[in-house]
1. Would you mind finding the one in 273, 249, 231, 268 that is open to solvent by 40 Å² or more (accessible area, probe 1.4 Å), of a type in the set (A, V, I, L, M, F, W, C) and either within 27 Å of residue 166 (Cα to Cα) or part of a strand (DSSP E or B) (or both)?
2. In the stretch 32-56, which residue that is under 12 Å from residue 108 (Cβ atoms) and among the small types (Gly, Ala, Ser) is least open to solvent (accessible area, probe 1.4 Å)?
3. Output the qualifying pairs, or none if there are none: Cβ atoms under 6 angstrom, residues six or more apart or on different chains, first residue in the stretch 350-374 and over 19 Å from residue 150 (Cα atoms) and open to solvent by 100 Å² or more (accessible area, probe 1.4 Å), second residue modelled with pLDDT of 95 or more and part of a loop (DSSP other than H, G, I, E, B).
4. Filter the stretch 118-152 for residues that are open to solvent by less than 10 Å² (accessible area, probe 1.4 Å) and over 19 Å from the mean Cα position of the chain (by Cα); which is farthest from residue 24 (Cα to Cα)?
5. Name the residue, out of 66, 93, that is open to solvent by less than 30 Å² (accessible area, probe 1.4 Å), more than 23 Å from residue 113 (Cβ to Cβ) and touching a strand residue (DSSP E or B) at 6+ places or on another chain (Cβ under 8 Å).
6. Return the residue satisfying two criteria in turn: it lies in the stretch 276-295 and is under 19 Å from residue 307 (Cα atoms) and either touching a residue at least 60 places away in the same chain (Cβ under 8 Å) or not acidic (Asp, Glu) (or both), and of such residues it is most open to solvent (accessible area, probe 1.4 Å).
7. Go through the residues of the stretch 308-321 one by one and say whether even a single one is open to solvent by less than 60 Å² (accessible area, probe 1.4 Å), part of a loop (DSSP other than H, G, I, E, B), small (Gly, Ala, Ser) and within 27 Å of residue 113 (Cα to Cα).
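The values are calculated or read from the model by the stated rules, or taken from the named source; none is laboratory data. If you're wondering where the values come from, they're calculated on a predicted model, not measured in any experiment. As a convention, Cβ positions derive from the backbone with ideal geometry for all residues, glycine included, and neighbour counts pool all protein chains shown. Please note that ligands, DNA and RNA were not included when accessible areas were found on the heavy atoms of the full protein model with its side chains. Shrake-Rupley method; radii C 1.70, N 1.55, O 1.52, S 1.80 Å.
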Amino acid sequence: MIKLLGIGLIAYLLFIAQRRLYEKLWQKHLGISLSFGTNHIFEGEQGELREIIENRKRLPLSMLKVKFKTDRHLIFGNEKGSRTTDQYYRNDVFRISGGERVTRTLRFTGGKRGYYTIDEISLVASDLFFLGQMVADQPVRAELYVYPKPYDSRRLRQSFVQLNGEMLTRRHLLEDPFEYRGIREYQPYDDMRSINWKATAKTGDFKVNQMGYTSLKSVRIFFNIQDDNILKKEEAVEMSLRIVVSLCLHFLQQGMQISCYGNGVDILTHQPLSVDGKASKGQMDFIYRALARIDTAQPTADFVETFEEKLFQESKGAYTCFVAPNRYDDFVALLDRYEETGNPFTWFYPVLGNKEPELPPELQKRIEVIYFEA
């Protein structure tokens with residue numbers, strides 16, 4: 001009997017000792033990392049997420065759970081140890097010997113444009129007898145851009161052909177102070193030096209001279225994704241960004257200087273998108289990243305208030321493309337005033353389905369309707 005008690009006491013002491021040993025040492029020399037296989041993919045493309053666990057000590061870990069969460073729009077599939085609600089939750093279980101390194105690769109699909117991060121993992125370890133658990137959180141940093149996929153359709157390609165033709169005819173259409181083209185009403189953005197004082201005195205209202213042009217140097221792309229509808233036009237908003245990508249690619253491939261502006265808010269800077277004009281190879285990558293970071297869950301900036309000054313003051317030598325899936329009154333009025341100045345532009349209007357939209361009659365000749373299916 002005494003012998004049995006002695007054995008039991010020794011076993012208990014060993015259990016306590018191993019328990020305290022694990023509590024003290026289980027995290028020591030334990031390296032865990034999460035990383036995406038690449039820093040970007042396009043919508044619909046497959047990507048990889050790598051989990052690397054390295055136990056650089058002799059003490060084995062008979063059970064180690066690694067938990068993390070990320071956005072549900074990274075579609076990992078219905079694998080064991082995962083669940084998807086408003087987020088994707090992952091719970092992987094490992095058995096790691098001393099000095100062992102384990103790598104697990106998880107494949108997923110980029111279901112939606114966006115900027116995705118994993119900032120923290122939770123660890124749960126057990127002692128040798130699985131009778132106690134140790135818990136810890138560990139910061140990590142894994143980030144992935146899912147770029148909007150360029151949109152392609154016969155209608156859009158036809159629009160590009162028409163744009164190329166119009167821009168070719170305006171190849172020598174930069175405002176020329178020596179070529180007089182007419183008189184129009186004064187606008188707040190007009191230079192005082194352009195006022196025609198003789199016409200002003202005759203009519204009693206300020207009038208300005210309209211001049212001819214000599215050449216187009218760049219293309220500006222503005223997008224307005226304001227969506228105040230009760231039923232949100234999420235598909236049309238995302239299609240707008242895909243069309244923006246297609247426009248940027250098309251003109252950059254022709255060696256044009258491209259700038260891009262929009263009232264979508266950046267998820268990191270909380271500012272509307274603003275990419276000034278460049279024709280360099282890196283411009284497209286910069287635009288891709290900026291578009292991926294637009295957070296459509298946040299209210300958009302007021303388009304007219306944000307971009308009216310830039311639109312009018314920097315219009316010389318530029319062809320302007322607008323992309324907008326809605327026809328709000330202030331936006332239509334802005335484009336109407338812009339057309340009155342004689343500046344060339346096209347409004348790309350994405351529409352879900354094939355129902356003919358009601359277009360502002362005064363701008364119909366400037367609107368390219370792009371029908372698409374969800």
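1. Only one candidate qualifies: 249.
2. Per the criteria, the residue is 47.
3. The qualifying pairs do not exist here.
4. 121
5. Exactly one of 66, 93 is open to solvent by less than 30 Å² (accessible area, probe 1.4 Å), more than 23 Å from residue 113 (Cβ to Cβ) and touching a strand residue (DSSP E or B) at 6+ places or on another chain (Cβ under 8 Å), namely 66.
6. It comes out as 278.
7. Within the stretch 308-321 (the criterion being open to solvent by less than 60 Å² (accessible area, probe 1.4 Å), part of a loop (DSSP other than H, G, I, E, B), small (Gly, Ala, Ser) and within 27 Å of residue 113 (Cα to Cα)), the answer is no, since none of the residues qualifies.
So that you can scan it fast, the table gives a plain yes or no per residue for (1) within 24 Å of residue 135 (Cβ to Cβ); (2) among the β-branched types (Val, Ile, Thr); (3) touching a Lys or Arg at 6+ places or on another chain (Cβ under 9 Å):
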position: 18; (1), (2), (3): yes, no, no
position: 30; (1), (2), (3): yes, no, yes
position: 46; (1), (2), (3): no, no, yes
position: 70; (1), (2), (3): yes, yes, yes
